[in-house]
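Here's the structure, in structure tokens; my notes come after.
The values are calculated or read from the model by the stated rules, or taken from the named source; none is laboratory data. Bear in mind the structure is a predicted one, so any value in this text is a computation, not a measurement. Here Cβ is always computed from backbone atoms with ideal geometry, including for glycine, and neighbour counts include all displayed protein chains.
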Amino acid sequence: MIPKALLLLEAGFVSIELYLLIIVIRKFPKVKASYRKLRVELPFLIKIKQAFYSHFSDSRMLDAVVSEITMLYYALFSWRKPALKSGEVFTFHKKTSFVALNLMLIHALIIESVGLHYFFSKIDHTLSLVLLFINVYSVLFLFGQMQAVKKIPLITTEDSIIMNIGFFKGMSLPYTAIKQIRRYEGLDTISASEKKYTFEALVSDFIPEKPSIEILLKEPVVTDLIYGFKKKVTRVVIKVDEPSSLMNIIENRMTSENETD
């Protein structure tokens, strides 16, 4: 049997989410209007955040709701949407096995879901439904993240670099915040101690390869993680499919910013 405390905790979370859902539904027409006013070429991930935060005060619970909406959009509704290609953009996944890795994990989760549901349904029907829900959510999460990585490349604008690794993490880095950019010459994998102050703009792979570019920052920059978590970093490592072109653009923009100053 599932402990009553666990059921009460779950009920509490559901109640909070329902309350937030009611508030979101009430302001949805305004959010929708703001969303439609944003530039068409911007990725859904960026537009939905801007639309929501123009009508709601920033909070961890709102961040969680926006994260869930983003995940469901990319998992269920982004299949026919083309990836962003206009402007100076750089993909993360095309020269990796990121898609194959995620498809393998999804396949394993589906098989596991069927097996666990069949096994636990004979022992505890409620528990089997809870486990089924968790596995279905995990499948949607992986699908959504895979689609988001494919649809949202690294974007270079006139004044900043916009990096989103799917909907899991992201940051907007002004060129003026960059102290130094260079080719990465460190170890193949980032150590646990380095991860504490490093933003890794790269995707998972069967055989992890080391980043191509390393950027050192003048001062800590706040990055966004899923569900509203934040992280301050002083270093960024990047692995895109065309690193030389990206590095040239960043160096040219930094030069232009310095001349302007």
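I'd like to check something: does the stretch 81-100 contain any residue that is among the hydrophobic types (A, V, I, L, M, F, W, C), surrounded by 12 or more Cβ atoms within 10 Å (Cβ to Cβ) and either farther than 30 Å from LYS239 by Cβ or in contact with a His (Cβ under 9 Å, 6 or more places away or on another chain) (or both)? The answer is yes, given that some residue of the stretch 81-100 is among the hydrophobic types (A, V, I, L, M, F, W, C), surrounded by 12 or more Cβ atoms within 10 Å (Cβ to Cβ) and either farther than 30 Å from LYS239 by Cβ or in contact with a His (Cβ under 9 Å, 6 or more places away or on another chain) (or both). The set of residues from the stretch 188-208 being out of contact with any Phe, Trp or Tyr (no Cβ under 8 Å at 6 or more places or on another chain), among the acidic types (Asp, Glu) and surrounded by 13 or more Cβ atoms within 10 Å (Cβ to Cβ) comprises GLU194, GLU200.
Scanning the stretch 236-258 for residues that are in contact with a Phe, Trp or Tyr (Cβ under 7 Å, 6 or more places away or on another chain), assigned to a strand (DSSP E or B) and closer than 16 Å to SER172 by Cβ returns a single hit, VAL236. Only residues that are buried (at least 20 other Cβ atoms within 10 Å of the Cβ) and free of Cβ contacts under 8 Å to residues at least 60 places away in the same chain were counted across the stretch 147-180, and they come to 1. The selection criterion, being closer than 27 Å to ASP224 by Cβ and either exposed (fewer than 15 other Cβ atoms within 10 Å of the Cβ) or modelled with pLDDT under 90 (or both), holds for PHE77. Determine, yes or no, whether VAL139 is over 20 Å from SER172 (Cα atoms), among the β-branched types (Val, Ile, Thr) and crowded, with 16+ Cβ neighbours inside 10 Å. It is true that VAL139 is over 20 Å from SER172 (Cα atoms), among the β-branched types (Val, Ile, Thr) and crowded, with 16+ Cβ neighbours inside 10 Å.
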